[in-house]
Amino acid sequence: MDQRPIGVFDSGLGGLTALKELRQLLPGEELIYFGDTGRVPYGGRGRDTILRYARQDVAFLRTFDPKAIIIACGTVSANALAELTEENDLPVFGVVAPAAQAAASATRGGRIGLIGTAASIRSGAYEREIARLKPEARVFSQACPLFVPLVENGRFLPGDPVAELVAQDYLSPLREQNIDVLVLGCTHYPLLSPVIRAAMGPEVTLIDTGKACAKEAAEQLARRGLLAERARGGCRYFVSDSTEDFARLAGIFLGEPVAGGVERVEIEQY
């Protein structure tokens, strides 16, 4: 038993996909969420900058004495997980390995699509992990840099003409490869799932990286005896830019108002 909170961070709204799943899987846990909305997106940054931002995000979360940290960001997981794991004396979970495992298990024909930020695709992290798990599989990757700004600006609902046009443009090369699984290699992308599903067709299985990561983290924490013993936990939200915009969009995605409001953090201090 461990009553300490779990820290979760992302460059913005995307990590809410993992947070939402964690709240369902582990209702008794206290969760601390940080969205680095002042510096979103991370996906177009160089690796050194991504690592510096991630270290600051972790340093802020560590002020709450968490028992674990979840990197609910595909870009950070693909570029900085090894360093963050080595530098911290507590469990650190990323999204790459759980998502790759889910994709390897779900594919029927061994043709797997991958979409992500430019930095995630450039890292090759998802491809390496899928190759380790299923060497015979072929991975077809596509960077989708406009997806994160669309989500951060609330343009992710079905019927949005901009979101649908961008999705058709990005995803048409993957449709031509006859993939049967598509890894949403950025935790922002599941917010676009209805738009992506409409573009890809019902025969393609979508892998939600945030959901896969949350499931793995919950299992690992239970295995290590680190779960809290309380009936109902809560969640605190922190961002590095506008609290109002985040609260409004987060409420839409979570399906309920952000309880307790959102607090702003000067992340460069960490």
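The values are calculated or read from the model by the stated rules, or taken from the named source; none is laboratory data. What you are looking at is a predicted structure, and each value in this text was computed from that prediction instead of being measured. Neighbour counts run over all protein chains shown; Cβ positions are idealised from the backbone, glycine included. Heads up: the accessible areas ignore ligands, DNA and RNA and are worked out on the full protein's heavy atoms, side chains in. Shrake-Rupley method; radii C 1.70, N 1.55, O 1.52, S 1.80 Å.
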Fill in: Residue count, the stretch 127-154 (criterion: part of a loop (DSSP other than H, G, I, E, B) and buried (at least 19 other Cβ atoms within 10 Å of the Cβ))
1
Discussion item. So, GLU256, is that one surrounded by fewer than 18 Cβ atoms within 10 Å (Cβ to Cβ) and either under 20 Å from GLY7 (Cα atoms) or among the hydroxyl-bearing types (Ser, Thr, Tyr) (or both) or not?
Written reply: no
Practice prompt. Could you tell me whether GLY233 is surrounded by fewer than 18 Cβ atoms within 10 Å (Cβ to Cβ), in contact with an Asp or Glu (Cβ under 6 Å, 6 or more places away or on another chain), touching a residue at least 12 places away in the same chain (Cβ under 8 Å) and assigned to a loop (DSSP other than H, G, I, E, B)?
Written response: yes
Worksheet, complete the sentence: Reported set for the stretch 241-260 where residues are assigned to a loop (DSSP other than H, G, I, E, B) and touching a helix residue (DSSP H, G or I) at 6+ places or on another chain (Cβ under 7 Å) is PRO257, VAL258
Fill in: Index of the failed condition, CYS73 passing every other in (1) touching a residue at least 60 places away in the same chain (Cβ under 8 Å); (2) farther than 21 Å from GLY260 by Cβ; (3) open to solvent by 10 Å² or more (accessible area, probe 1.4 Å); (4) out of contact with any helix residue (DSSP H, G or I) (no Cβ under 6 Å at 6 or more places or on another chain)
(3)
Worksheet item: Which one of these does GLY201 not meet: (1) surrounded by fewer than 15 Cβ atoms within 10 Å (Cβ to Cβ); (2) on the phi < 0 side of the Ramachandran plot; (3) free of Cβ contacts under 8 Å to residues at least 60 places away in the same chain?
Response: (2)
Practice prompt. Go over the candidates GLY44, GLY38, GLY12 one by one and state the one that is touching a residue at least 60 places away in the same chain (Cβ under 8 Å), of a type in the set (Gly, Ala, Ser), under 28 Å from VAL181 (Cα atoms) and open to solvent by 10 Å² or more (accessible area, probe 1.4 Å).
Written response: GLY44
Fill in: Lone unmet requirement of (1) at pLDDT 95 or above; (2) crowded, with 16+ Cβ neighbours inside 10 Å; (3) assigned to a helix (DSSP H, G or I) for PHE238
(3)
